[in-house]
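Each remark here refers to the structure printed beneath this line.
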Amino acid sequence: MNLDIRLEDPKDHRAVEELTREAFWNVHVPGCCEHYILHQLRESADFIPGLDFVAVSDGHLVGNIVYSTSHISDELGVKHPVITFGPVGVLPAMQKQGVGSALIRHSLVAAKRKSCTAVCIYGNPRYYSRFGFQAAEKYHFKTSAGKYAAALLALELTDGALQGIGGRFIESAVFEADPEAVEAFDKSFPAKEKLVTPSQERFKLLSNLVH
Ligand SMILES: CC(C)(COP(=O)(O)OP(=O)(O)OC[C@H]1O[C@@H](n2cnc3c(N)ncnc32)[C@H](O)[C@@H]1OP(=O)(O)O)[C@@H](O)C(=O)NCCC(=O)NCCS
């Protein structure tokens with residue numbers, strides 16, 4: 001595949017939201033909210049424009065990854081800055097051909113060049129471990145609700161960046177999307193059927209692995 005990765009251009013915004021909607025539709029829940037989150041993130045102070053990449057194949061947008069600032073709040077309430085990627089999405093027809101991996105690898109190198117020291121995400125350890133992500137539990141930090149979660153993953157870009165911090169991972173408030181606002185935003189896209197799918201059950205199982 002002829003794949004180019006470049007920074008997103010403002011003129012790509014709507015097409016990338018459409019792509020994100022296609023990528024996430026019915027994957028985690030019936031329908032999806034990630035296109036709305038992406039839309040809101042771009043307006044947020046937490047958004048990192050220099051880490052907003054698109055993948056282009058033969059002139060067509062096929063994938064996107066965005067990053068935002070987040071932090072780990074330690075036991076004393078001191079905030080330790082980290083970054084978070086997501087949504088990361090690839091058009092369904094283009095999945096499992098290395099596009100997602102290329103976006104993730106490219107953006108992690110760019111993040112390191114920008115002196116970002118650590119990346120924390122929620123994701124499937126089976127997929128993200130190939131990029132070096134490890135369970136956040138290894139670094140003794142929990143979700144904002146104070147739980148260790150199997151889906152909470154971390155990658156140090158600078159050796160030792162996450163050592164000795166502990167505490168709770170706090171991501172941008174944009175990730176808590178208001179369902180009514182999602183619904184209203186989604187109406188501006190072509191109608192699409194919401195379905196129950198097996199991947200939703202897998203997602204629920206992973207999300208419930210907390211202690
Ligand atoms: C996740 C996603 C970005 C990966 O992009 P991609 O281009 O398909 O990924 P790659 O081709 O680089 O890698 C494919 C591998 O990832 C695995 N993979 C993809 N999504 C996965 C998931 N949610 N859980 C576990 N493994 C996953 C595939 O099984 C495949 O594994 P293999 O290499 O062992 O065969 C893409 O599948 C996508 O857009 N999915 C829907 C949206 C989504 O779930 N985004 C991530 C939210 S955490």
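We did not get these values from a lab; they are worked out from the coordinates using the rules stated. Being a predicted model, the structure only gives us computed values, none of them experimental. We place every Cβ from the backbone using ideal geometry, glycine too, and count neighbours over all the protein chains shown.
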For this session: Using only alpha carbon positions, build the gyration tensor of segment 64-211, then give the equivalent ellipsoid semi-axes as the square roots of 5 times its eigenvalues, largest first, whole angstrom.
Result: 27, 19, 16
Exercise. Residue by residue through segment 7-17, which ³J(HN,Hα) values in whole Hz follow from phi under the Karplus form 6.51 cos²θ - 1.76 cosθ + 1.60 (θ = phi - 60°), with glycine and proline marked x?
Worked result: 5, 5, 9, x, 6, 7, 3, 5, 4, 6, 5
Exercise. Label-point separation (nm) for H211 and S101, each offset 7 Å from Cα along Cα-to-Cβ?
Worked result: 3.1
Exercise. In Å, the Kirkwood hydrodynamic radius of segment 63-107 over pairs of distinct alpha carbons?
Worked result: 12.2
For this session: Mind ranking 182-190, 101-109 by how tightly packed they are, going by the mean number of other C-beta atoms within 10 angstrom, highest first?
Result: 101-109, 182-190
Seminar exercise, completed: Taking a crude spin-label model, label points 7 Å out from Cα along the C-beta direction, the D4 to E75 distance in nm is 5.2
Exercise. All other residues with a Cβ under 12 Å from the Cβ of A110 taken together, and with Lys, Arg as +1 and Asp, Glu as -1, what is their net charge?
Worked result: +4
Exercise. Among K138/K192; K112/K142; K11/K192; K11/K142, which pairs are too far apart, with a Cα-Cα distance over 30 Å?
Worked result: K138/K192; K11/K142
For this session: State to the nearest 20 debye the size of the charge dipole of the chain about its Cα centre, where the only charges are +1 on K and R beta carbons and -1 on D and E beta carbons.
Result: 600
Exercise. For A191 and A15, what does the FRET efficiency come to when R0 = 22 Å and r is the distance between their Cβ atoms, rounded to the nearest 0.05?
Worked result: 0.75
Problem set entry | Distant-in-sequence amide H partners of L3 (H built 1.01 Å from N, under 5 Å) | none
Seminar exercise, completed: Over all pairs of different Cα atoms in segment 1-101, the reciprocal of the mean inverse distance gives a Kirkwood radius in Å of 14.4
Exercise. Taking segment 31-100, which GluC sites (Glu not before Pro) meet the DSSP loop condition and have no more than 15 other C-beta atoms within 10 Å?
Worked result: E75
Exercise. Which value at 222 nm does the chain reach when only helices count, each DSSP H run of 4 or more adding -39,500 (n - 2.57), with the total divided by all residues and rounded to the nearest 500 deg cm²/dmol?
Worked result: -8000 deg cm²/dmol
Exercise. Based on the Cβ-Cβ distance from T158 to F203, what FRET efficiency comes out when R0 is 22 Å, to the nearest 0.05?
Worked result: 0.10
Problem set entry | Dipole of the chain [Lys/Arg +1, Asp/Glu -1 at C-beta], most positive-end residue of C116, V196, S70 | C116
Exercise. Which residues' amide hydrogens lie under 5 Å from the amide hydrogen of G89, considering only partners 5 or more residues apart or on another chain, with H built in the peptide plane?
Worked result: N64
Exercise. P(r) of segment 154-205 in 5 Å steps, Cα pairs, percent per bin?
Worked result: 4, 11, 11, 14, 18, 13, 10, 10, 7, 2
For this session: Give the value in nm², to one decimal: projected area of the alpha carbon convex hull of segment 101-153, averaged over all directions.
Result: 3.8
